[in-house]
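This report refers to the structure that appears directly beneath it.
The values are calculated or read from the model by the stated rules, or taken from the named source; none is laboratory data. Keep in mind the model is a prediction, meaning the values are calculated, not measured. FYI the Cβ positions are ideal-geometry reconstructions off the backbone, even for glycines, and counts take in every protein chain you see.
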Amino acid sequence: MTDPSKKMSVLFTAVLQTGGNVGPFQGDTTLIFNRAITNVGEAYDISTGLFKAPVTGFYCFSFSYQADKREQSGLTLMKNDEAIVKAFNSNQPGIQHVDNASSTACLELQRGDHVSVVLPKSCHVCGIGKTTSFTGFLISKA
């Protein structure tokens with residue numbers, strides 16, 4: 001029989017809702033996904049944009065974004081200060097459409113590790129209509 005005290009649920013989905021484009025900035029900037037759709041375990045902080053691992057274990061994270069073609073777009077998934085995965089699109093003058101991109105990574109985290117999504121300098125993403133999101137969940141405790 002499974003000990004109920006050892007079960008823990010950690011999962012979140014948050015979206016970027018700013019009413020317009022975010023970026024570009026002069027330097028890399030942690031995105032603050034300011035609306036949590038779900039935040040079981042309260043490990044994602046909507047005021048800082050940081051997920052803080054509450055337990056050591058195996059986690060899965062993904063992000064997706066939409067951006068118009070006026071400027072370069074892209075995002076980077078960070079574990080503490082390390083870039084884990086990236087997704088980018090470059091602008092093509094004269095082409096009028098939007099970019100969509102996403103990436104996913106499964107990570108082993110220690111309790112207290114931080115995971116975030118960074119908007120690289122000179123890039124932008126859309127903050128309208130729930131088109132830019134960040135999701136993570138605990139697969140299993142280690």
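Quickly run through the stretch 114-136 and pick out the residues that are crowded, with 17+ Cβ neighbours inside 10 Å and of a type outside the set (A, V, I, L, M, F, W, C). Correct list: HIS114, SER116, PRO120, HIS124, GLY127, THR131, THR132, SER133, THR135, GLY136. Among the residues making up the stretch 55-114, none is out of contact with any strand residue (DSSP E or B) (no Cβ under 9 Å at 6 or more places or on another chain) and in contact (Cβ under 8 Å) with a residue 60 or more places away in the chain.
Restricting LYS69, LYS79 to residues that are farther than 14 Å from PHE51 by Cα and of a type in the set (D, E, K, R) narrows the list to LYS69. As a summary of the residue check, TYR44 satisfies the conditions (1) closer than 17 Å to ALA142 by Cβ; (2) touching a Phe, Trp or Tyr at 6+ places or on another chain (Cβ under 6 Å); (3) not hydrophobic (A, V, I, L, M, F, W, C) except for the one numbered (1). Answer yes or no: is there a residue in the stretch 2-22 that is among the hydroxyl-bearing types (Ser, Thr, Tyr), more than 20 Å from CYS126 (Cβ to Cβ) and either crowded, with 17+ Cβ neighbours inside 10 Å or at pLDDT below 95 (or both). Yes, the conditions are met somewhere in the stretch 2-22. For the stretch 23-37, a residue qualifies if it is farther than 15 Å from CYS123 by Cα and assigned to a strand (DSSP E or B), and the qualifying residues are ARG35, ALA36, ILE37.
Among the listed residues PHE63, PHE33, PHE51, identify the single one that is aromatic (Phe, Trp, Tyr) and either in contact with an Asp or Glu (Cβ under 9 Å, 6 or more places away or on another chain) or surrounded by fewer than 18 Cβ atoms within 10 Å (Cβ to Cβ) (or both). Before the answer, list the steps.
Details: PHE63 fails: either in contact with an Asp or Glu (Cβ under 9 Å, 6 or more places away or on another chain) or surrounded by fewer than 18 Cβ atoms within 10 Å (Cβ to Cβ) (or both); PHE33 fails: either in contact with an Asp or Glu (Cβ under 9 Å, 6 or more places away or on another chain) or surrounded by fewer than 18 Cβ atoms within 10 Å (Cβ to Cβ) (or both).
Just one listed residue meets the conditions, PHE51.
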